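This report concerns only the one structure given below.
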Amino acid sequence: MARPRRNDFLVPTLAILFDAIAIEGAFLFSYWLRFNTRVLQFLPLKEDIPPLDAYRYSSIVVIFVWLLVFKSAGMYGARRNIALSDESIIILRRVTFGMLIVMSAAFFYRTFSYSRVVFVLLWGTSVVFLSIGRTFLYNLEKSLYAHGRELRNAVIIGSNEAANRIYQTLRNHPLLGYKLAGYCADAPCTNSASLSGSTFLGGLNDAPDVLVKEEIELALIAIDYEQHPQLYKLMQECEGVNVEFLMVPDIIERISTGVSVKEIEGIPFIKIKGMPMSTWGRIVKRSFDVVTSLVLLIVSSPVLLLVAMFIRLDSKGPIFFKQERVGIDGERFDMIKFRSMKVGAELHDRQSGLGIENDPRQTAIGKILRHTSLDELPQLINVLKGEMSLVGPRPERPYFVEQFKNHVPKYLDRHRVKTGMTGWAQVNGLRGNTSLEERIKYDIYYIENWSLGFDIEILFKTVGALFSTWSSR
């Protein structure tokens with residue numbers, strides 16, 4: 001039979017090569033900056049300038065150890081498809097861990113005294129050099145995919161809703177590095193299905209021959225429960241065939257996206273739903289919210305006063321607008337915003353529609369506040385009071401919660417954490433008149449993958465999105 005090409009060598013190899021060069025470059029640059037320039041002359045030298053060779057030889061050991069550290073973090077997998085911002089956070093963490101190893105080794109190796117200043121410089125320059133190298137690799141990888149190089153042949157097995165979603169994902173993201181040959185299903189899809197835009201390769205019984213004929217390397221399985229006997233037969237007939245099989249869980253997927261295995265005294269359990277964060281996680285998140293919101297309120301106080309003055313001059317009515325929203329555990333609270341509409345406008349929400357452009361109920365200053373999102377600033381008070389968080393699913397009104405909870409899967413799972421001023425869905429463009437189901441998926445992903453680093457990343461992306469909006473004004 002034809003042997004498929006394995007396109008998982010070039011990119012990981014280049015990643016290792018770029019990282020090694022970046023670490024070596026960081027060593028040399030740190031040495032040069034400390035001992036061969038006047039930049040750090042104000043720091044006294046305790047002894048003569050050490051020989052460069054000692055640092056070069058040490059760098060060989062450090063490169064080897066750090067590459068193992070990076071490998072343990074999964075940084076050398078093929079088609080990682082990770083955002084550069086996420087990559088930078090991983091690099092920062094792993095370089096910090098790697099530096100602890102280096103400093104520990106230097107403490108026990110007393111034959112040569114290494115400069116502490118060089119260690120500090122090495123930490124900073126390594127993060128910068130590695131990030132630059134990864135940025136270059138990221139663009140190179142996407143360029144290869146765009147030119148049809150290093151693509152991995154894939155096929156979809158199944159034609160249900162999950163199969164259609166897989167097809168849409170691969171079609172909308174051509175730079176993921178996959179070449180879709182088509183799909184196998186019991187029957188060709190109708191024109192109303194997204195999958196109809198792909199090639200029908202045959203039935204499920206034809207799949208083993210299709211995998212060999214099309215030189216498939218990855219089979220993406222999305223079938224219903226009643227088709228599991230066919231899947232069992234397929235796996236039997238594909239014994240000895242070098243193809244990776246990935247399956248979308250049919251029942252479990254409807255329960256949770258964070259399925260994992262947990263063992264209790266030797267008995268394996270599938271965890272289909274867990275706690276969103278630990279007690280320490282809640283403490284850390286709350287502490288971060290209090291400190292950050294307090295700082296932001298102090299820093300933005302001139303802006304708050306200026307906006308309040310313009311609202312007062314622009315139209316009659318209160319400066320702030322309070323509206324009941326639903327927060328964590330279904331508790332209700334009054335969310336605070338700068339008033340951007342005429343007094344009583346909220347009574348006509350259903351007649352006017354939500355999120356419409358050029359809403360006639362808006363005031364002159366309100367249009368600017370809405371466009372720049374400055375009307376959201378008073379929600380820092382909600383955060384400080386503990387009613388909201390800086391980051392989390394956006395809070396909704398009780399009326400809409402009652403409307404959505406029985407029709408949108410997992411909608412109420414959003415209330416397992418505090419609602420936020422910004423969220424993972426919002427920084428990914430899902431705001432206003434966008435798919436509610438898609439927003440829920442992003443909210444659930446955030447809840448099940450929460451970390452303080454994730455919150456900080458979302459805040460940075462929010463700031464970037466705001467600057468982009470203001471510059472387009």
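Remarks
- Test: residue in the range 380-394 that is outside any helix (DSSP H, G or I), more than 15 Å from ASP289 (Cβ to Cβ) and basic (Lys, Arg): yes
- Positions within the range 393-411 being touching a residue at least 12 places away in the same chain (Cβ under 8 Å) and not β-branched (Val, Ile, Thr), in sequence order: PRO393, ARG394, PRO395, GLU396, ARG397, PRO398, PHE404, PRO409, LYS410, TYR411
- Taken over the range 389-413, the criterion of being within 24 Å of LEU466 (Cα to Cα) and not small (Gly, Ala, Ser) is satisfied by LEU390, VAL391, PRO393, ARG394, PRO395, GLU396.
- Complete set of residues in the range 185-213 that are of a type outside the set (Gly, Ala, Ser) and touching a strand residue (DSSP E or B) at 6+ places or on another chain (Cβ under 8 Å): PRO188, CYS189, LEU195, THR199, PHE200, LEU201, LEU204, ASP206, ASP209, VAL210, LEU211
- Of the set (1) over 23 Å from ASN242 (Cα atoms); (2) modelled with pLDDT of 85 or more; (3) not small (Gly, Ala, Ser), all apply to VAL155 but (1).
- Single residue of the range 363-379 satisfying the filter (at pLDDT below 85 and in a loop (DSSP other than H, G, I, E, B)) that is farthest from the chain's Cα centre (by Cα): THR363
- Among residues of the range 281-302 that are in the same structural domain as ILE447 (by TED's automatic domain parsing), those with a Cβ under 6 angstrom from a residue that is surrounded by 13 or more Cβ atoms within 10 Å (Cβ to Cβ) and part of a helix (DSSP H, G or I), sequence gap 6+ or separate chain, pair up as VAL284/LEU452; ASP289/VAL383; SER293/LEU380; SER293/VAL383; SER293/LEU384; LEU296/LEU380; LEU297/LEU380.
- Any chance GLU438 is farther than 17 Å from VAL326 by Cα, in contact with a Leu (Cβ under 6 Å, 6 or more places away or on another chain) and either modelled with pLDDT of 90 or more or surrounded by fewer than 19 Cβ atoms within 10 Å (Cβ to Cβ) (or both): yes
- Residues of the range 412-425 satisfying the condition of being part of a helix (DSSP H, G or I) and in contact with a strand residue (DSSP E or B) (Cβ under 9 Å, 6 or more places away or on another chain): ARG414, HIS415, TRP424
- Helices (runs of 4 or more DSSP H) fully within the range 104-222 counting 3 or more residues that are within 31 Å of the chain's Cα centre (by Cα): 116-146, 161-172
- Looking only at residues in the range 315-358 that are touching a Lys or Arg at 6+ places or on another chain (Cβ under 7 Å), of a type in the set (A, V, I, L, M) and outside any loop (DSSP other than H, G, I, E, B), the one that is modelled with the lowest pLDDT is ALA345.
- The listed residue being exposed (fewer than 14 other Cβ atoms within 10 Å of the Cβ) and either at pLDDT 90 or above or among the β-branched types (Val, Ile, Thr) (or both), out of VAL463, VAL391, VAL417, VAL408: VAL463
- Qualifying positions in the range 395-405 - part of a loop (DSSP other than H, G, I, E, B) and either surrounded by 21 or more Cβ atoms within 10 Å (Cβ to Cβ) or touching a helix residue (DSSP H, G or I) at 6+ places or on another chain (Cβ under 6 Å) (or both): PRO395, LYS405
- Breaking point among (1) aliphatic (A, V, I, L, M); (2) without any contact (Cβ under 8 Å) to a residue 24 or more places away in the chain; (3) touching a helix residue (DSSP H, G or I) at 6+ places or on another chain (Cβ under 6 Å), for LEU170: (3)
- The residue that is farthest from HIS371 (Cα to Cα), among those in the range 303-345 that are in contact (Cβ under 8 Å) with a residue 60 or more places away in the chain and of a type in the set (Val, Ile, Thr), is ILE328.
- Residue within the range 37-47 that is part of a helix (DSSP H, G or I) and either buried (at least 16 other Cβ atoms within 10 Å of the Cβ) or at pLDDT below 85 (or both) present: no
- Residues being surrounded by 21 or more Cβ atoms within 10 Å (Cβ to Cβ) and either at pLDDT below 90 or among the aromatic types (Phe, Trp, Tyr) (or both) - total across the range 120-144: 2
The values are calculated or read from the model by the stated rules, or taken from the named source; none is laboratory data. If you're wondering where the values come from, they're calculated on a predicted model, not measured in any experiment. Note that each Cβ is placed from the backbone with ideal geometry, even for glycine, and that neighbours are counted across all protein chains shown.
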